1. Placing unit charges on C-beta atoms (Lys and Arg positive, Asp and Glu negative, everything else neutral), compute the dipole magnitude of the chain about its Cα centre in debye, rounded to 20.
2. Would the chain count as rounded, prolate or oblate if I go by the C-alpha gyration tensor, calling it rounded below 1.5 in a/c and otherwise prolate when a/b exceeds b/c, oblate otherwise?
3. If packing is taken as the average count of other Cβ atoms within 10 Å, what order do 87-100, 48-61, 109-122 fall into, highest mean first?
4. In deg cm²/dmol and to the nearest 500, what is the mean residue ellipticity at 222 nm of the chain if only DSSP H runs of at least 4 residues count, each as -39500 (n - 2.57), divided by the residue total?
5. Can you flag which of K39/K110; K80/K102; K83/K110 are past 23 Å Cα-Cα?
6. I want the local charge near K124. Using Cβ-Cβ distances under 12 Å, sum +1 for each Lys or Arg and -1 for each Asp or Glu among the other residues.
7. Could you work out what % of the accessible surface of the chain is carbon and sulfur, using a 1.4 angstrom probe and leaving DNA, RNA and ligands out of the count?
8. Per residue, how much accessible area does the chain show when a 1.4 Å probe rolls over the protein heavy atoms, in square angstrom?
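The values are calculated or read from the model by the stated rules, or taken from the named source; none is laboratory data. Quantities reported herein were computed from a predicted structural model and do not represent experimental measurements. Every residue, glycine as well, gets a Cβ built from its backbone with ideal geometry; the counts of neighbours run over all protein chains shown. Remember, those area values only see protein heavy atoms, side chains included, never the ligands or the DNA or RNA. Shrake-Rupley method; radii C 1.70, N 1.55, O 1.52, S 1.80 Å.
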Amino acid sequence: MDTLTAAERSERMKLIKSRDTRPELMLRRLVRGLGHRCKTNRRDVIGSPDIAFIRRKRAIFVHGCFWHRHSCPAGIRIPKSRKAFWRDKFSKNVRRDRSVLKTLRRLGWKTLVVWECELRNAEKVKNKVGKFLHA
Ligand SMILES: [Zn+2]
């Protein structure tokens with residue numbers, strides 16, 4: 001049963017919307033907190049990674065579980081209507097992701113994908129990113 005008033009519902013929708021960019025912001029804060037200076041949203045790097053270390057050729061992507069098809073519950077969910085549309089969309093996203101990572105690696109970049117759901121555990125992500133940057 002839906003017990004929300006219209007105003008409450010609109011508040012909640014706003015919250016959901018403003019969450020769209022949150023994973024990227026969280027990761028940036030986290031990387032800066034590790035004491036690294038990084039460039040964000042570099043359109044001049046293939047795939048426009050969320051975070052790039054140009055000189056050290058390292059790129060970090062934050063992937064939304066739903067759009068980029070993580071193996072977690074959010075990433076295996078397929079909307080009930082227009083299934084064919086969604087399957088096609090998802091497979092294009094996954095193909096593009098793979099090809100971006102492959103191209104970057106071929107050009108000598110090291111890449112890291114951080115999944116949206118992983119950001120729930122900031123410590124774990126910090127370790128992962130720290131290892132990646134020092135490897
Ligand atoms: Zn996930």
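1. 680 debye
2. oblate
3. On the way: 87-100: 12.8, 48-61: 19.1, 109-122: 17.3.
Top of the packing list down: 48-61, 109-122, 87-100.
4. Values: 6 runs with 70 residues, N = 135.
Roughly -16000 deg cm²/dmol at 222 nm, from the helical runs in the chain.
5. Numbers: K39/K110 15 Å; K80/K102 32 Å; K83/K110 35 Å.
Those over the limit are K80/K102; K83/K110.
6. Details: positive: R120, K126, K128, K131; negative: E118, E123.
Value of the local net charge: +2.
7. Solvent-exposed carbon and sulfur of the chain make up 53 percent of the total.
8. 70 Å²
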